[in-house]
Structures are given as structure tokens and as C-alpha cells.
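The values are calculated or read from the model by the stated rules, or taken from the named source; none is laboratory data. Quick caveat: nothing in here was measured; it's all calculated off a predicted structure. Because the Cβ atoms are built from the backbone with ideal geometry, glycine has one as well, and the counts that use them run over all protein chains shown. To get the accessible areas, we keep the full protein, side chains included, count just its heavy atoms, and leave off ligands, DNA and RNA. Shrake-Rupley method; radii C 1.70, N 1.55, O 1.52, S 1.80 Å.
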Amino acid sequence: MSIGLLNKNLLVPLYHQAKCALRDAIDTGEWESGQQLPNEDKLAETFGVSKVTVRQALQDLANLGYVRREQGRGTFVSIPKFDQGPRELTSFSEEMQRHNLTASSRVIEALRTQADDHVAEALQIFPGEPVFMLKRLRLADAQPMGIQTAYIPVALAPDFMDEDFGNVSLYELLQNRYGLLPAKARETYSAVPVEPAPAALLNVTPGSPVLAVERVTFLPNGKPFEFVQSIMRSDRYSITLELVANRVPQAMREGGTQ
């Protein structure tokens, strides 16, 4: 279906026809990722329908993840998301490289501080023990992806603050300079509304949903050496889990069906 006047003689609702036409334009590459769509007035004129019909079509596409609607700016073709799920333990730099993107960082804050109760519990140290805190804006092809705040015990990396953190893989640095080899990690995800300050850094609307992630990374001996709190753009990331049944039904074990 091409972009143009809709067929009002069909039994198919007009909003559905408009939605299919817009989706086809996106699927065929007529409109590329990140490109702004014509406004509702223009689309209504093109399709020969009301703005209400166009608005419903756009909302359906937004619900399906084809477009994103930004208050006061317009409607944009969604940028493909990165699936997050069970995978190898990799750094942000390595993950972006797998997607053929150039990873970079902007240091927001880097300092030596004392571990609060939450950080201390994650790193299995006492509250008040010295830790290095590194807060960075992570980018892919110069586009903001997330804000990551890492905590490293001073005892494990004594001169950590002397490093250049602009465009370096933290895992690579910790492994090569301090012998801290990541063996496994535990991540916890939650959806939260983004506050105004991080929203400005991420170039998203304040209050829009983001993924809040906490990650503890462990050495081969089971000791945690890094605790990271991240705020990732939910329009760039999705979570995919593969679930496996932990037992086979009795009928199937006996060769029957159920």
C-alpha cells in the first residue's frame, strides 16, 4: 500500500489503512530510522482523512514500536532497539562494536568517595570504605545511550583515578592494569520515569520511561569488584528472555501427548 488517498469504499477502517501505509513506508525504507514523519495535518491531507484518523494510526504504530511521538516535536521513526537478555559478559564498548557502532564516553564525574550502605552491600565491603566513583554518559555513533555510574573499591585499584576514562573500556582497563578479570555478573532491571537532569543528557523527555539497571561484576573467586548503576534509554534497548521448562510432563515422558 503506498502513501496517498485511502479507499473509502473498502470495509477496512480508514485508520487501519493509514497505519498499514505508514508501516509499509517504514519497512521499505522510504522513511529511515530517526527520520521525522510529516505532521498530522499533512498526513491527513495526503490520505484524504481527518486528523483524528491519522492520530489513531500513529498511536497504533507507536504502540507497536514503529514510531515514537515526542511532545512538542512530532513523530519519528523508531531507531532499532538492542535486545538485552542472557548473553556473554561484555563491556559497553564490545557490545556497541557487535552492532557496528562506535562507542564513546563523556566523563560527567570522577572522584574518590565513601561507600554508602547500598554500594557497600553490593561490593561486600563495609559502609564508609573508600571507593572510586566514575559517572559517564555512554554514546553510540555520538548518540546518547545511557548514563553509567561505576563504583570500584580503592583497595583493588589503588591509583584508579589517574586513568583517562574518556574512551576506554573499563573492563579492559581493570583487567590489563589491575588483573581484575570479570568472570560473571548479576543484573537487575526496572522501569522508572527519568528525572529532568538525566533526561537532558539522554535527549529524552523528562518523565519518559527508562531502564534502570544495577550490575554487580564478580572475579573468578566470587568476590565482587565493580558495582554499576545505569539509566538506559528504553527506546534503544529491549529485554528478551529465553525461558525453558524445568521438567517434562509425565505424559510426554511416557511417550504420550498432552
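With respect to the conditions (1) open to solvent by 20 Å² or more (accessible area, probe 1.4 Å); (2) touching a residue at least 24 places away in the same chain (Cβ under 8 Å), residue 132 lacks only one, and its number is (1).
Considering only residues that are farther than 27 Å from residue 195 by Cα and not acidic (Asp, Glu), which ones fall in region 129-167? Walk me through it before giving the result.
First, pick out the residues of region 129-167 that are farther than 27 Å from residue 195 by Cα: 129-130, 153-164.
Result: 130, 153, 154, 155, 156, 157, 158, 160, 161.
Pairs meeting the criteria (first residue in region 49-74 and closer than 15 Å to residue 23 by Cβ, second residue open to solvent by 30 Å² or more (accessible area, probe 1.4 Å) and acidic (Asp, Glu), beta carbons under 7 Å, at least 6 apart or on different chains) are 54/40; 68/235. Only one entry in 171, 178 is without any contact (Cβ under 8 Å) to a residue 24 or more places away in the chain, surrounded by 15 or more Cβ atoms within 10 Å (Cβ to Cβ) and more than 20 Å from residue 116 (Cα to Cα), namely 178.
Candidates are the residues of region 114-173 that are of a type in the set (A, V, I, L, M), outside any helix (DSSP H, G or I) and within 18 Å of residue 212 (Cα to Cα); the one that is farthest from the chain's Cα centre (by Cα) is 133.
Against the list (1) open to solvent by less than 60 Å² (accessible area, probe 1.4 Å); (2) farther than 14 Å from residue 224 by Cα; (3) assigned to a strand (DSSP E or B), the condition residue 199 fails is (3).
The residue pairs whose first member lies in region 16-42 and is free of Cβ contacts under 8 Å to residues at least 60 places away in the same chain and over 11 Å from residue 3 (Cβ atoms), whose second member is β-branched (Val, Ile, Thr) and open to solvent by 40 Å² or more (accessible area, probe 1.4 Å), and whose beta carbons are closer than 6 Å, counting only pairs six or more residues apart or on different chains, are 33/79; 34/79.
Taken over region 204-229, the criterion of being open to solvent by 50 Å² or more (accessible area, probe 1.4 Å) and without any contact (Cβ under 8 Å) to a residue 60 or more places away in the chain is satisfied by 206, 209, 220, 221.
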